[in-house]
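Inspection log for the structure reproduced underneath, given as structure tokens.
The values are calculated or read from the model by the stated rules, or taken from the named source; none is laboratory data. All figures in this text were calculated on a predicted structure; none of them were measured in a lab. Quick reminder, even Gly has a Cβ in these numbers, built from the backbone with ideal geometry, and neighbours come from all protein chains shown. Keep in mind that these areas ignore ligands, DNA and RNA; they rest on the heavy atoms of the full protein, side chains included. Shrake-Rupley method; radii C 1.70, N 1.55, O 1.52, S 1.80 Å.
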2 protein chains.
Amino acid sequence: MDIPKDNFPEWYNEVIERAKLVDKRYPVKGMHVWLPYGWKLMRNIDEYFRKIFTEHNHEEVYFPLLVPETDFKKEGEHIRGLENEVYWVTHGGATPLDVKLVLRPTSETAMYPLFSLWIRTHADLPLRIFQIVNVFRYETKQTRTFIRVREVHFFESHTAHATAEESEEQIRENIEIWKKVAKKLALPYVLVKKADWDKFPGAHYSIGAETIMPSGRTLQIATIHQYLQNFAKAYDIKYLKEDGTHDYVHQTTFGMSERLVGAIVGIHGDNRGLVIPPEIAPIQIVIVPIIMKEKERILEEAKKIEDELKPYYRVYLDDRDNYTPGYKFYEWELKGVPLRLEIGPRDLENNQVVLVRRDTFEKINIGREEYMEKIGELLKEIQENLLRRAEKEMREKIKKFENLEEVKEHKGIAVVNWCGSEECGHKIEELTDKKIIGIPQEKRKGICAICGKETDIVAYVAKPY
Amino acid sequence: MDIPKDNFPEWYNEVIERAKLVDKRYPVKGMHVWLPYGWKLMRNIDEYFRKIFTEHNHEEVYFPLLVPETDFKKEGEHIRGLENEVYWVTHGGATPLDVKLVLRPTSETAMYPLFSLWIRTHADLPLRIFQIVNVFRYETKQTRTFIRVREVHFFESHTAHATAEESEEQIRENIEIWKKVAKKLALPYVLVKKADWDKFPGAHYSIGAETIMPSGRTLQIATIHQYLQNFAKAYDIKYLKEDGTHDYVHQTTFGMSERLVGAIVGIHGDNRGLVIPPEIAPIQIVIVPIIMKEKERILEEAKKIEDELKPYYRVYLDDRDNYTPGYKFYEWELKGVPLRLEIGPRDLENNQVVLVRRDTFEKINIGREEYMEKIGELLKEIQENLLRRAEKEMREKIKKFENLEEVKEHKGIAVVNWCGSEECGHKIEELTDKKIIGIPQEKRKGICAICGKETDIVAYVAKPY
């Protein structure tokens, strides 16, 4: 890479371009073309969503992209929060539409009119569905690949429950699911409850999973929302209770997006390029034959190794003729393949292969009898090491502060005591030129940084993307 | 089912609703909600697309949904053919957009500006990509689930080649791929070259795969287009040849859609509901325990069978307590599961299971030692039988005619001699109140049904959906 990771914003753009995750030259601002390698990474994450949410009793559906204005406008807070950032379809051909259509910014308003038809009695509950779709936001702020875009690759699950307790139970389950997703992607995070003025439009409360990027700015990579009956009342989603009376359902949602790819790029990458966690890497092992002599025999052996690995791993044999091994090392390091397997004349002689870790660059000579087992161990170790390393880096960026002036300069999350009032909250934001990204579960006794009142609430203060 | 298949249009709507493939009550005309069972079927087809096109050296990408008006309008014929049926995005929030955006009706105009950046020299060719996305058409005709909708689940591959010969070679390869897809879905078809006035806007020529629905109307279920240099010239997609000169690339595309699901529903279904080909069925085998006595032991055995089958097949154990076996039979027949496995007290005693084929309703008693092998055989037989049966039905609906009056009444494809002129073509269409859906490869000597000129060209004349 030409740009060191210390210069994070430029490094981030360069690595995305050079590793060919997306092509940003698409002629609409904030919309990019997913290239094969980037799309494979995104799809591996999608497939994990499918697996984990199916295990947790969700079913996959697909709702239409376009939402009629009339349905879109049913929940007051929701529409007020979103109406400035939705795209409007106004014409079919040259004909103005009778009812304007919104490109879904998220799918509550598409789904819930149907929920009110699907849900009749308590026997229809709980209802748990998810979909993986693209959503659209007319972003007016500066766009940034994966992080702030106008067409967003999106995961959303929606559930409906008989009681508030059951929807709270779902929130806890969603947090358990999130922990598995974060582990799969080797991403460290903190969970926070959003401040009231910052929750999802229409939600009763919102929980965010926040990570810290190398720039010190925070990135919200998952959100879990408790709606209770807010939307059910707007969309008339009622069920017949066992006692013969009717009640509105209680709803939750869970959203994640291509931001996860942005987090993987930013958090694990280094001066040589991407470092992709083995569990979701498009290619887990690249085989590079070192050909100086005995070309035929080495290629044959490399092919044999590929065949041995293929049933168990995502493996790629780079047998291109017109590139040197050095060039190939460079390219696959840039693309973040977790493990490189080299095989050359000396390895052939010694009945061994060479394994090189992408995370530590450690080189391991290993006999052909044991190499399969070793690869399994190494991929596991790399996955764990990436998470451990990232976790440590993130923790170092979370610091307690008493003085708001110092918070201004801090790169990361500042932990600040706060009385919890909206007024003091906004003042903290003003004085630090940052945002309260949320309130963690941890308590700490102290005095509010603004009004001096005794409190055990802390706010996480940071500059979010 | 309440409606017999003889009443095809109503049967079609009923079976889709009752088998829960989609929910048509979404409040935008021509857009429906894919329900879990229908979406699994569609996704199984998508996964096969991924597999087969990857084997044929295509890479998967994702291009944005929205195409700027300026790019959309570059190829004259293309835009004239489509401009009346595209949705226009005109506003972001309350702000009118500087450049209006089209919801892709297909992705030529999104992709080819990027192709002109990607392709530099002959070494960049051939380029072969595909994507699986939803596309949008503002249909003014009557909509019909899967067949004519406004949001279409779509597969599209796009290739670029150095020479016309190479793009012709790709067309032949696309036909080979299509044959595999059709076999996988057990769909019979005929291949026709579209009449000049009916080809895809901007294409040099178009090939359609057409099948015949039980109504006698034809359904185009795949299209393969030869563009040659038409789009390359409009989008300036040039490459450097080995001799140092530049030339425009030669392009082809291949499109398929959710119409394939419509064809599966219509062609294989019967009076009891859907019949889904085993290769793509969401559930291949449903296990129904017949519980009269020994509930525990039977359920245990059913679970054991499920575990035995799971590694090899998509299997579902229907162990619901509150439904009779009869109700379950009815429901899974409606949903078209190819094979039912029953296990009751007598089967337990005799160490056997009962297998029931969905296509023929044949009942087979088979010992527990052989049942696994038998299931493999039966699924293969069902797959083949569905195709054979459908193929026979379709062939019976293709008939030769001399008299255009008789063509009018024919339910299916009428084979009519035609001189090939546009004038006579349109007259044939007028007089039969049908369309020339295309020209097959087969020749037949005769005289043009309009002008009487000697010709060996035949037209396929039918009423297409």
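Net charge near B:His161: determine it from the other residues with C-beta under 14 Å of the C-beta of B:His161, scoring Lys and Arg +1 and Asp and Glu -1.
-3
Ordered by residue, what ³J(HN,Hα) values in Hz, to whole numbers, does the range A:138-153 give under the Karplus form 6.51 cos²θ - 1.76 cosθ + 1.60, where θ = phi - 60° and Gly and Pro are x?
7, 6, 9, 6, 4, 8, 8, 3, 6, 9, 9, 10, 9, 10, 10, 6
What aspartates and glutamates could a cross-link reach from A:Lys238, if we take a straight Cα to Cα line under 12 Å and drop same-chain neighbours fewer than 8 places away?
By straight Cα distance, A:Lys238 reaches A:Asp124, A:Asp247.
Between A:Ile364 and B:Glu370, what is the spin-label point distance in nm, taking each point 7 Å from the Cα along the Cα→C-beta axis?
Each label point lies 7 Å from its Cα, and together they span 5.0 nm.
If you count, for every residue in A:56-65, the Cβ atoms of partner chains within 10 Å of its Cβ, what is the mean?
If you average over the peptide's residues, the count of other-chain Cβ atoms is 6.
What is the Cα centroid distance between the range B:297-346 and the range B:419-465, reported in whole angstrom?
After rounding, the separation between the Cα centres reads 52 Å.
Round to the nearest 0.05 the FRET efficiency obtained for A:Lys443 and B:Glu47 when R0 = 51 Å and r is the Cβ-Cβ distance.
Taking R0 as 51 Å, the efficiency between A:Lys443 and B:Glu47 is 0.55.
In square nanometres and to one decimal, what's the mean projected area of the convex hull around the Cα atoms of the range A:377-448?
5.9
Calculate, axis by axis, the spread of Cα positions in the range B:283-381 along the three principal axes, and write the results as whole Å, longest axis first.
34, 30, 24
Over 31 Å between Cα atoms, which of A:Lys295/B:Lys180; A:Lys73/A:Lys241; A:Lys233/A:Lys445; B:Lys40/B:Lys434 qualify?
A:Lys295/B:Lys180; A:Lys233/A:Lys445; B:Lys40/B:Lys434
Determine the distance separating the Cα centre of the range A:206-243 from the Cα centre of the range B:32-94; give it in Å without decimals.
30
Please give the contour-minus-distance gain from B:Trp118 to B:Glu242: 0.36 nm per residue of separation, less the Cα-Cα distance, rounded to one decimal in nm.
42.9 nm
Among B:Phe200, B:Thr90, B:Ala414, which residue has its Cα positioned farthest towards the positive end of the charge dipole of chain B, with +1 placed on the Cβ of Lys and Arg, -1 on the Cβ of Asp and Glu, and the dipole taken about the Cα centre?
Positive-end residue among those listed: B:Ala414.
Show A:Arg25, A:Arg150 ordered by accessible area, largest first, where the area counts protein heavy atoms only and the probe is 1.4 Å.
From most exposed to least exposed: A:Arg25, A:Arg150.
Just to check I understand the Karplus step: with θ = phi - 60° and J = 6.51 cos²θ - 1.76 cosθ + 1.60, what whole-Hz values come out for the range B:318-333, glycine and proline as x?
Once rounded to whole Hz, the list reads 8, 9, 4, 7, 8, 10, 6, x, x, 4, 5, 4, 4, 5, 6, 5.
Carbon-plus-sulfur fraction of the accessible area of the range B:341-461, 1.4 Å probe, in percent?
Roughly 46 percent, rounded to a whole number.
Taking each residue of A:29-40 in turn, how many C-beta atoms of other protein chains fall within 10 Å of its C-beta, and what is the average?
For peptide A:29-40, the averaged partner shielding equals 4.
In chain B, how does Rg compare with the Kirkwood Rh, expressed as the Rg/Rh ratio over alpha carbon atoms?
1.02
With solvent modelled as a 1.4 Å probe, how much accessible area in total do chains B and A shield from it at their shared surface, in Å² to the nearest 100?
What B and A bury together is about 4200 Å².
Taking a point 7 Å out from Cα toward Cβ as the label site, list the nm distances between B:Pro9 and the same residue in every other copy, smallest first.
6.1
Averaged across B:92-102, how many Cβ atoms of other chains sit within 10 Å of each residue's Cβ atom?
Counting Cβ atoms of other protein chains within 10 Å of each residue's Cβ and averaging gives 4.
Rg and Dmax of the range A:182-290 over Cα atoms: what are they, in angstrom?
Here Rg and the maximum Cα pair distance are 20.3, 75 Å.
What is the P(r) of the protein assembly as shown, as percent of Cα-Cα pairs per 20 Å bin from 0?
12, 40, 37, 10, 1, 0
For Cα pairs less than 8 Å apart in space and 6+ apart in sequence, what is the mean separation divided by the residue count of chain B, i.e. the relative contact order in percent?
Relative contact order here is 14 percent.
Hey, any idea what the orientation-averaged projected area of the convex hull of the range B:303-458's Cα atoms comes to, in nm²?
13.6
Copy-to-copy spacing for A:Glu369, label 7 Å out on the Cα-to-C-beta vector, in nm, shortest first?
Those label-point separations list as 4.0 nm.
Could you state the accessible area per residue of the protein assembly as shown in Å², with a 1.4 Å probe and every protein chain left in place?
Value for the protein assembly as shown: 42 Å² per residue.
Please give the contour-minus-distance gain from A:Glu454 to A:Met292: 0.36 nm per residue of separation, less the Cα-Cα distance, rounded to one decimal in nm.
Extra length available between A:Glu454 and A:Met292 comes to 51.0 nm.
Taking the label point as lying 7 angstrom from Cα along the Cα-to-Cβ axis, what are the distances from B:Asn84 to the corresponding position in the remaining copies, in ascending order and in nanometres?
With the label placed 7 Å along Cα→Cβ, B:Asn84 yields 4.1 nm.
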